[in-house]
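Worksheet: one structure, shown below.
The values are calculated or read from the model by the stated rules, or taken from the named source; none is laboratory data. Please read all numbers here as calculations on a predicted model, not as lab measurements. In this analysis, Cβ positions are derived from the backbone assuming ideal geometry, glycine residues included, and neighbour counts consider all displayed protein chains. Only protein heavy atoms, including side chains, enter the accessible area calculation; ligands, DNA and RNA are left aside. Shrake-Rupley method; radii C 1.70, N 1.55, O 1.52, S 1.80 Å.
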Amino acid sequence: MKTACLIGKPNTGKSSIFNRLIKEKKAIIMDEPGITRDRIFGVVNYKDKKFNLIDTGGLHGDDDNFDKDILMQAELAIDESDIILFVVDGEQDLDSVDKNIRNMLKKSGKEVVVVVNKIDNAKRKDNIYNFYELGFEAIMPVSAEHNLGFNELLDYITKDIVVNEEKEDNVIRFCFIGRPNTGKSSLINALLNEERVIVSDIAGTTIDAVDSKFKYNNKEYIVVDTAGMRKKGKIYENLERYSLMRSMKAIEESDVCVLVVDASTGIIEHDKHILSYAIKSGKGIVIVVNKWDTVKDPNEDIKRWKKELEVYFKFVPYINFVFTSAKTKKRINEIIMEVERAYANNNKEIKTSLLNDVIMEAVNMHEPPSFKGKRLKIYFVSQTGIVPPKFTFHVNNKKLVHFSYERYLENQLRENFDLIGTPIILQFKNKSDK
């Protein structure tokens, strides 16, 4: 997937532009008080196209002496990107810092778009001609404050992205995610039957996302090892910031995410946070409890573990668990079976007639509650997307949809159709809407 990054001085509005592009007020993944010092990672969706977006801290300093930490982050972001969005302040003249950033970007050899922010009236539009002095052909005026110019910018960024591009050879791509030292690399080696991925008892051995292609039952797969994702407060070094960003990219570019939990240390709250990245990305999901060889009484402990998993992950009751050991390779092949199932269900298409039969029967069994004398009516339902499956309900008034009834409808869909291992989206649309 294409990747863009935002580069520029402090206070040019990079973070505001980031929020406009991803269309949400996104919390900083790795935050510190005051200035944004860390890259932020997000995904932009536009006209059925999407690309990764990285924000960076503002580059500042005399001459070429940029702050070393922020410079390293910026260089890593540039290295990961296909296109650079060089953000400048449309209310200010170019200065030596802008020109030093220009020199750095010229050396990178990457495509650069100069994004002139704070251009929100006719007078300021005249100012954009000053920025051709930077020597880049693409100059795009925007106003993050007034939400102006972003369609033109997005058209430019996505001009070479192919909509619904066919996956090469339909190879299933899945990644292992989780905290450091849960045994992700060892699990991959067990699947590959070879020591291809570095394994160490030291947490954080894996730095880059590592791709490995293999065959199972004459079918090809790509498995991706990712760096362990630490809690925000423990992310200090530039190398770890880089690793987290690579892990986020691996999630976005995979079909299925396998969360690895450590049986020797138990489940912690951060496991749920890591899982939320995959859920938000709409990916197929499997949970693997690794290091099952460290459990003293497997037959008894599996009952306790299943209860704990159901409690900790009660917000995703549709995910299957695999109890395995990279060391003994017991049940290791079940991982592939669950990945296959999650992938198939994430791509599942259900006939409209079957959907309506199930939903109308569900409504007859349990009528929607009334609100101020009005009651929700469902006229028709159809599947309007996959990855993950998306269902659109045509109703009399979507404001009458109570969250508990929406959950009831989701449960009915899941009980009647095999949707194990995938999130689903329910969308409600007024019948009168175009």
Discussion item. Can you give me the long-range amide H partners of Phe380? Hydrogens built in the peptide plane at 1.01 Å from N, cutoff under 5 Å, separation of 5 or more residues or another chain.
Written reply: His394
Worksheet item: If ligands, DNA and RNA are left out, what is the accessible area of Lys374 with a 1.4 Å probe, given in Å² to the nearest 10?
Response: 120 Å²
Worksheet, complete the sentence: Burial-style ranking of 257-263, 307-313, average other-beta-carbon count within 10 Å with highest first, yields 257-263, 307-313
Worksheet item: Taking the Cα-to-Cβ direction at Asn147 and at Lys306 and moving 7 Å from each Cα, how far apart do the two end points lie in nm?
Response: 4.9 nm
Discussion item. Using Cα-Cα distances under 8 Å and only pairs 6 or more residues apart, what relative contact order does the stretch 291-411 have, in percent?
Written reply: 18 percent
Fill in: Farthest positive-ward along the stretch 237-392 dipole, Cα basis, beta-carbon charges - from Asn290, Cys257, Met365
Met365
Discussion item. For Val163, what accessible surface area do you get with a 1.4 Å probe? Give it in Å², rounded to 10.
Written reply: 60 Å²
Worksheet entry | Per-residue ³J(HN,Hα) for the stretch 143-148, Karplus 6.51 cos²θ - 1.76 cosθ + 1.60, θ = phi - 60°, Hz, x for Gly and Pro | 9, 5, 5, 9, 6, 10
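Report for the stretch 322-434 the percent antiparallel among DSSP-assigned beta bridges with both residues inside it, nearest 5. Intermediate results must be reported in sequence, preceding the final value.
On the way: 8 of 14 bridges.
Antiparallel bridges: around 55 percent, rounded to the nearest 5.
Calculate, for the stretch 297-434, the solvent-accessible area per residue in square angstrom, rolling a 1.4 angstrom probe over the heavy atoms of the protein chains. Spell out each step's value before the answer.
Values: 8150 Å² over 138 residues.
Result: 59 Å² of accessible area for each residue.
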Worksheet item: Between Lys327 and Val162, what FRET efficiency follows from the Cβ-Cβ distance if R0 is 45 Å, with the result rounded to 0.05?
Response: 0.55
Response to the item:
On the formula 1/(1 + (r/R0)^6), with r taken between the Cβ atoms of Asn396 and Ser353 and R0 of 30 Å, the FRET efficiency rounded to 0.05 is 0.85
Practice prompt. May I ask you to list the lysines whose Cα is less than 24 Å away from that of Lys296, ignoring any residue fewer than eight positions away on the same chain?
Written response: Lys184, Lys306, Lys307, Lys327, Lys329, Lys330
Item to complete: Whenever you get a sec, line up Lys215, Lys99 from highest to lowest accessible area (probe 1.4 Å, protein heavy atoms).
Response: Lys215, Lys99
Worksheet entry | Pair Lys296, Met365: separation of 7 Å Cα→Cβ label points (nm) | 4.4 nm
Practice prompt. With a 1.4 Å probe and every protein chain left in place, tell me how much accessible area Val162 has, in Å² to the nearest 10.
Written response: 90 Å²
